Amino acid sequence: LLRDASHTGKVVLTVPRPLDPDGTVLITGGTGALGGHVARHLVTEHGVRHLLLAGRRGPEAPGAAALRDELTGLGAHVTLASCDTADPDALAALLAGVPADRPLSAVIHTAGTLDPADMDELTPQQLASVLAPKAGAALHLHRLTRHLDLAAFVLYSSSAGVLGLPGQANYAAA
């Protein structure tokens, strides 16, 4: 995933082969700001018509209904799902629910959580609470989808790992 060079903030996603418009694209953290940007881009620029937007709060997440309505207005079929992607059984159940006539064709993992603390005050619980939804979920997604012929498997990272933002040591590690 790249931002365009003109600094307009437009999301540009490059994939090794075209996305199947009849397939389903899973976006974890799909109702968050980043997930929403990616979803819009997939629909408008790549012709994706089936989105599975997963997050811990699913349809109850702030702005989820408005995002679904916006994407539907752009011609997409949108499913909002509650799923803790750090839980491999919950994630497996979510993936098992993808319709056979719209098989999973791509995974975009934007999910994550923050639990800020300075490095010298970081607890093992704070490290675990951030590693699970970012790194742990990425591993679960890999294990559960590696047998599929996906057009894209995209993992989002954070500038925290490069810029060393205060209070984000655990997120930078994730």
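The values are calculated or read from the model by the stated rules, or taken from the named source; none is laboratory data. None of the values given here were measured: they were computed from a predicted structure. Positions of Cβ are backbone-derived with ideal geometry, glycine not excepted, and every protein chain shown enters the neighbour counts. Quick note on the areas: whole protein, heavy atoms, side chains included, nothing else; ligands and nucleic acids left out. Shrake-Rupley method; radii C 1.70, N 1.55, O 1.52, S 1.80 Å.
For the range 110-155, how many residues meet the condition of being out of contact with any helix residue (DSSP H, G or I) (no Cβ under 9 Å at 6 or more places or on another chain) and assigned to a strand (DSSP E or B)?
1
Conditions tested, residue by residue: (1) open to solvent by 10 Å² or more (accessible area, probe 1.4 Å); (2) within 15 Å of the chain's Cα centre (by Cα); (3) under 23 Å from G136 (Cβ atoms).
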position	(1), (2), (3)
G47	yes, no, no
A54	no, yes, yes
H77	yes, no, no
D84	yes, yes, yes
L94	yes, yes, yes
A100	yes, no, no
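Are there any pairs, at least 6 apart or on different chains, whose C-beta atoms fall under 8 Å, with the first in the range 62-74 and in contact (Cβ under 8 Å) with a residue 12 or more places away in the chain and the second part of a helix (DSSP H, G or I) and open to solvent by 70 Å² or more (accessible area, probe 1.4 Å), and if so, which?
Between residues of the range 62-74 that are in contact (Cβ under 8 Å) with a residue 12 or more places away in the chain and residues that are part of a helix (DSSP H, G or I) and open to solvent by 70 Å² or more (accessible area, probe 1.4 Å), the close pairs are E70/R40; L71/R40; L74/R40; L74/T44.
Provide a single number: the residues in the range 17-41 that are free of Cβ contacts under 8 Å to residues at least 60 places away in the same chain and either assigned to a helix (DSSP H, G or I) or surrounded by fewer than 21 Cβ atoms within 10 Å (Cβ to Cβ) (or both).
Here the count works out to 7.
Does V107 qualify as being in contact with a helix residue (DSSP H, G or I) (Cβ under 7 Å, 6 or more places away or on another chain) and open to solvent by less than 30 Å² (accessible area, probe 1.4 Å)?
Yes; evaluated as a whole, the condition is true for this residue.
Please indicate, with yes or no, whether at least one residue in the range 55-62 is more than 20 Å from T31 (Cα to Cα), of a type in the set (A, V, I, L, M) and not in a strand (DSSP E or B).
Checked the range 55-62: no residue is more than 20 Å from T31 (Cα to Cα), of a type in the set (A, V, I, L, M) and not in a strand (DSSP E or B).
If you scan the range 45-61, which residues turn out to be without any contact (Cβ under 8 Å) to a residue 40 or more places away in the chain and among the small types (G, A, S)?
Answer for the range 45-61, where residues must be without any contact (Cβ under 8 Å) to a residue 40 or more places away in the chain and among the small types (G, A, S): G47, G58, A61.
Starting from residues that are out of contact with any His (no Cβ under 7 Å at 6 or more places or on another chain) and modelled with pLDDT of 95 or more, keep the ones in the range 141-150 and report whichever is nearest to V38 (Cα to Cα).
L150
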